[in-house]
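Here, each number is a calculation from the coordinates, and none is a lab measurement. All values derive from a computational prediction rather than experimental measurement. Virtual Cβ from ideal backbone geometry, glycine too; neighbours counted across all protein chains shown.
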Amino acid sequence: MNILDIHTHHLKENVSQYIYSCMPSAFSPREGGYYSVGIHPWNINSTTESEYECLKKIASHPQVIAIGEAGLDKMIPIDLSIQEEVFRWHIELSETLGKPLIIHSVRTSNEIIQLKKEFCPKSPWIIHGFRGKKELADQLTAQNIYLSFGEKYQESAIKSIPLNRLLLETDESEKEILLIYKSVAQIHSLTTEQLVTQVQQNISRLFFNR
Ligand SMILES: [Zn+2]
């Protein structure tokens, strides 16, 4: 296992080093690559029934190692109750298949925490692109939620959370993932290699049950 980047929307070289996140109909697995598939809340209105059918079919593919991104977003003009219905569907899929859930959350941490308490999921939940402050990071990790940080983050949040809850990603950014490792390692007074080892242990545990 040599994944470094748990969430990107860009296809790159070294397919075994990242998890490519896409809409179900865009899933076209390359040899050695890893994928997460789901309906992003931004795409709910343009998603047809066949996209959900497709997701149900491909979600059990061995190269699909996570469900999502899916989630809740208070900054978009889609009714939160509709978003929640779609998100609950992803939660159930993630539980049925025992695959981690990659979550998009914008100003909806309370709702996510409520749902976590309601479902008590066995599959890990990962909030991706976390940019919140220390207090919120602490609240979420206290609920056993993992946080994935990208190019932009609050140093205090990174400093505060336990290293075994930490993941890193590039998302939409073109930035080299190792540069994110380098800056996060400095915050924890680690070498980049030490941080890579720690995060890869987290990835093995979460995505491969090892
Ligand atoms: Zn994303």
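Computed values, structure above
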item	result
Among Leu195, Leu179, Leu115: highest mean-square fluctuation, GNM of the chain, C-alpha pairs under 10 Å	Leu179
Overall form of the chain per C-alpha gyration tensor (a/c, 1.5; a/b vs b/c)	oblate
222 nm mean residue ellipticity, helices alone, for the chain (DSSP H n ≥ 4; -39,500 (n - 2.57); rounded to 500)	-12000 deg cm²/dmol
Which listed pairs, of Lys12/Lys182; Lys57/Lys134; Lys99/Lys134; Lys99/Lys152; Lys56/Lys133, have C-alpha distances above 32 Å, in listed order	Lys57/Lys134; Lys56/Lys133
Selected from Gly132, Gly71, Gly150 as most flexible by GNM, with the chain as the system and alpha-carbon contacts under 10 Å	Gly132
Selection of trypsin sites (Lys or Arg not before Pro), region 45-94, meeting DSSP coil and at most 15 other Cβ within 10 Å	Lys74
Taking region 5-208 and dividing mean pair separation by its residue count, relative contact order in percent (alpha carbons under 8 Å, at least six apart)	17
